[in-house]
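To start, the structure itself, in structure tokens.
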Amino acid sequence: MTTANSPMAGKRVILAVTGSIAVYKAIGLLRLLSQQGATVHVIMTESATRFVTPLTFEVLSGSPVTSDLFSGQEEMKHLSLTAHADVLVVAPCTANTLAKLALGLADNVLGTMALTLQCPMVICPAMDGEMWAHPTVQGHAKTLENRGAIIVEPEKGPLASGQWGQGRLAAEEVILAAVQKVLQPRRDWLGERVLVSAGPTREPIDPVRFLSNGSSGKMGYAIAEAAAARGAEVVLVSGPTQLECPQGVLHVPVETANDMLQALAARFDWATTLVMAAAVGDFRAKDPHNHKVKKDQWNGEALQLERTPDILLALSAQRTHQRMIGFAAETDNLVEHGQAKLQRKQLDMLVANQVGGEDSAFGNDSNAVIVLTPNAAPSPISRVPKRQLADILLDRMKTLSVSPQSQPSALHPLS
């Protein structure tokens, strides 16, 4: 019987079944998901079809099983299914599939699907105990976990090999609970006030020319969206971008570094967390022209520059109760340069990312970063979509302690 208030009601689930003796448990999981009101589409690897026929899953799910990447209309299922899915559940997940997902191999439907995925992924390994304990397998699981996947660890008990150990696919009810938790709206930032900066700044040379950089603002906007979705009040102070402000977020547009400093400083006391994701320009024209400089008016003289204000350093000197998180865009020596900035500006956390080249943080929809904190080793996060990365970073921020020196102001951020 469907539970009316179940987080599964109306959700679209992709259930990926791989070649394990535990495939029979996926049948029970499919029943549970359907009973909770979910619409389930099953995909199977070729080896999975040797344990249970696709017809079994087709009858129980009420829709065709996708198994072949190149069979007629199913050729683009890796795009069409993931575009509308709420969660991908891989159960059971063999050691082979775990490795393929970790390495980004796309030689079957599941592999290609995983590379286009925009929703959470729940992975439920099942294999021999010695295989699960192997460092390579554990490394693949950790890699996927660092990308935001939920790993439902196998249970201990008798295995198909006749041995006893940790390798049995988790019980259907345990997997269902993990999926429900993923789909349940997270409100763990309720009561928090998050001040986010995003995008580039522009420093005028004359009324039509300016100094700027290649930041798209996507990371800051993703953090603002994620924080609002998790219950926080959010103010987004943004330089010029082509992005729409996330729903439920107060947008404060700015142009120059001075504009951004003033907008952030005016709301800093209100905030419990500052996330400085903006790529603030370090230099500005010393004497910008009031009128457009014509080509024939320029005699080859050098453009005189001066430093823009260091926003993080200025706000750090004023902090009372705020968590302070900075970003560092670097072309090399990410950890070395990031740790220096973390210490110099007395931040609680710094996110270092690479700029330049094909994998540049600027403009990309995904990113790989290194998280630095004062009393822990550098923590790399593998490349994931920025919206997914935003949630991972918010999880890390939530663990940071807040100074008890004073309480945040109750004033509205526009007061």
**OP:** Could you tell me whether any residue of region 49-56 is surrounded by fewer than 16 Cβ atoms within 10 Å (Cβ to Cβ), polar (S, T, N, Q) and under 16 Å from V179 (Cβ atoms)?
**Re:** no
Subject >> Selection within region 248-286 - over 27 Å from the mean Cα position of the chain (by Cα) and of a type in the set (F, W, Y) >> reply: F283
Original post:
Hey, does region 59-75 have a residue that's modelled with pLDDT under 85, in contact with a strand residue (DSSP E or B) (Cβ under 7 Å, 6 or more places away or on another chain) and crowded, with 18+ Cβ neighbours inside 10 Å?
Top reply: yes
**OP:** State the number of residues belonging to region 215-228 that are within 13 Å of the chain's Cα centre (by Cα) and not basic (K, R).
**Re:** 9
Subject >> Number of the exception - L176 against (1) surrounded by 14 or more Cβ atoms within 10 Å (Cβ to Cβ); (2) of a type outside the set (V, I, T); (3) over 17 Å from S34 (Cα atoms) >> reply: (3)
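Mind telling me which of the residues L195, L176 ends up being in a helix (DSSP H, G or I), touching a residue at least 24 places away in the same chain (Cβ under 8 Å) and over 22 Å from N96 (Cβ atoms)? Write out each step before concluding.
Values: L195 fails: in a helix (DSSP H, G or I).
On inspection, the qualifying residue turns out to be L176.
Considering only residues of region 102-153 that are among the hydroxyl-bearing types (S, T, Y) and closer than 18 Å to I14 by Cα, which is modelled with the highest pLDDT?
Applying the first criterion (among the hydroxyl-bearing types (S, T, Y)) to region 102-153 yields 112, 116, 136, 143.
From the residues that got through so far, the ones that are closer than 18 Å to I14 by Cα too are 112, 116.
On the way: T112: 91, T116: 87.
Once the filter is applied, the top-ranked residue is T112.
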Original post:
What about P204, is it surrounded by fewer than 21 Cβ atoms within 10 Å (Cβ to Cβ) and touching a residue at least 60 places away in the same chain (Cβ under 8 Å)?
Top reply: yes
**OP:** Kindly indicate whether G162 is surrounded by fewer than 16 Cβ atoms within 10 Å (Cβ to Cβ) and either modelled with pLDDT of 95 or more or touching a Gly at 6+ places or on another chain (Cβ under 7 Å) (or both).
**Re:** no
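Being of a type in the set (D, E) and touching a Ser or Thr at 6+ places or on another chain (Cβ under 6 Å) is the filter here; which residues of region 95-149 pass it? Walk me through it before giving the result.
The initial filter retains those residues of region 95-149 that are of a type in the set (D, E), namely 107, 128, 130, 145.
D128, the sole residue that qualifies.
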**OP:** Give the number of residues within region 181-201 that are farther than 24 Å from V275 by Cβ and crowded, with 18+ Cβ neighbours inside 10 Å.
**Re:** 1
Original post:
If we scan region 15-29, do we find a residue that is at pLDDT 95 or above, in a helix (DSSP H, G or I) and within 23 Å of the chain's Cα centre (by Cα)?
Top reply: no
Subject >> Number of positions in region 361-415 that are at pLDDT below 70 and surrounded by 16 or more Cβ atoms within 10 Å (Cβ to Cβ) >> reply: 4
Subject >> Elements of type helices (runs of 4 or more DSSP H) in region 101-163, at least 1 residues being without any contact (Cβ under 8 Å) to a residue 12 or more places away in the chain >> reply: 109-115, 135-146
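The values are calculated or read from the model by the stated rules, or taken from the named source; none is laboratory data. Values in this document were obtained by computation on a predicted structure and should not be read as measured data. Cβ atoms come from the backbone with ideal geometry, glycine included; neighbour counts cover every protein chain shown.
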